[in-house]
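Read through the structure below, which is laid out as structure tokens, and then see the notes.
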Amino acid sequence: MKKLVLSSVLALSGSLAMVGCTQASAVSETQTTAATNMQQGMQGQYYKGGQMGKRGGGYGYQQLNLTAEQQAQMQALREVQQQKNQAKRQQHQAQMQQMHAQTQALINSPTLNTTALNNLAEQQAAFAKQRFIERVQNQHAMAQILTDEQKAQLAKIREDRQARFKSGMGKRAGNGNNAPAQ
């Protein structure tokens, strides 16, 4: 009798293990497929084969029918910016790890050191400020390459993009408010 019960339990646990593995495999395939689809979709829209702004930048420049000279100037600016970013990347990662460690120490301490918290917030703000300044300087340099007509066209493209974004946000906000309570 014990052998019959034991063999039944083993058979049942083996079946459950197989079902669990099958479901885990299906979930894994679904997640992989979703990630692949998202990556392929991004390549089709903005990334153009994995390189954002291959034809003139990621801020609407690709729609401006740039001349060959303008494209070369934009490419040179992007390469300089990329080299600057690569040089700063390791330093930035080290700073972020240090700030994360400091944040965790503040969170886990029995009392909150407001002076250390304020210093950490100031470091974060200074870093964000510097990134903002560099981004605007880079966009300014790119805008100087454009003709007046291209600048006007770029402004219209950005206004249209902002309007689409706002209308999409409104639709999402409307859908969220009408969700049934569970």
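The values are calculated or read from the model by the stated rules, or taken from the named source; none is laboratory data. Computed from a predicted structure; not experimentally measured. Reconstructed Cβ throughout: ideal geometry from the backbone, glycine too, with neighbour counts over all protein chains shown. For the accessible areas, the whole protein counts, side chains as well, though only heavy atoms, and no ligand, DNA or RNA atoms are used. Shrake-Rupley method; radii C 1.70, N 1.55, O 1.52, S 1.80 Å.
Looking at residue 150 and the list (1) polar (S, T, N, Q); (2) modelled with pLDDT of 90 or more; (3) closer than 28 Å to residue 72 by Cα, which single condition is not satisfied?
(2)
So, in the range 102-123, exactly how many residues are among the β-branched types (Val, Ile, Thr) and in contact (Cβ under 8 Å) with a residue 12 or more places away in the chain?
Here is the first cut: in the range 102-123, the ones among the β-branched types (Val, Ile, Thr) are 103, 107, 111, 114-115.
Narrowing the set further to residues that are in contact (Cβ under 8 Å) with a residue 12 or more places away in the chain leaves 103.
Number of matching residues: 1.
Name, by its number, the condition in (1) under 23 Å from the mean Cα position of the chain (by Cα); (2) at pLDDT 90 or above; (3) aliphatic (A, V, I, L, M) that does not hold for residue 72.
Exception for residue 72: condition (1).
Every residue, every condition in (1) open to solvent by less than 80 Å² (accessible area, probe 1.4 Å); (2) aliphatic (A, V, I, L, M), yes or no:
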site: 78; (1), (2): yes, no
site: 94; (1), (2): yes, yes
site: 103; (1), (2): yes, no
site: 131; (1), (2): no, no
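Taking the residues in the range 54-69 that are assigned to a loop (DSSP other than H, G, I, E, B) and closer than 14 Å to residue 141 by Cβ as candidates, determine which candidate is modelled with the highest pLDDT.
Ranking the candidates gives 59 first.
Among the residues of the range 108-128, is there at least one that is within 27 Å of the chain's Cα centre (by Cα), part of a helix (DSSP H, G or I) and closer than 30 Å to residue 71 by Cα?
There is at least one residue in the range 108-128 that is within 27 Å of the chain's Cα centre (by Cα), part of a helix (DSSP H, G or I) and closer than 30 Å to residue 71 by Cα.
In this structure, is residue 157 β-branched (Val, Ile, Thr), part of a helix (DSSP H, G or I), open to solvent by less than 50 Å² (accessible area, probe 1.4 Å) and out of contact with any Lys or Arg (no Cβ under 9 Å at 6 or more places or on another chain)?
So residue 157 fits the description; yes.
Looking only at residues that are over 22 Å from the mean Cα position of the chain (by Cα) and surrounded by fewer than 12 Cβ atoms within 10 Å (Cβ to Cβ) in the range 133-154, which one is nearest to residue 85 (Cα to Cα)?
So, considering only residues that are over 22 Å from the mean Cα position of the chain (by Cα) and surrounded by fewer than 12 Cβ atoms within 10 Å (Cβ to Cβ), the one nearest to residue 85 (Cα to Cα) is 140.
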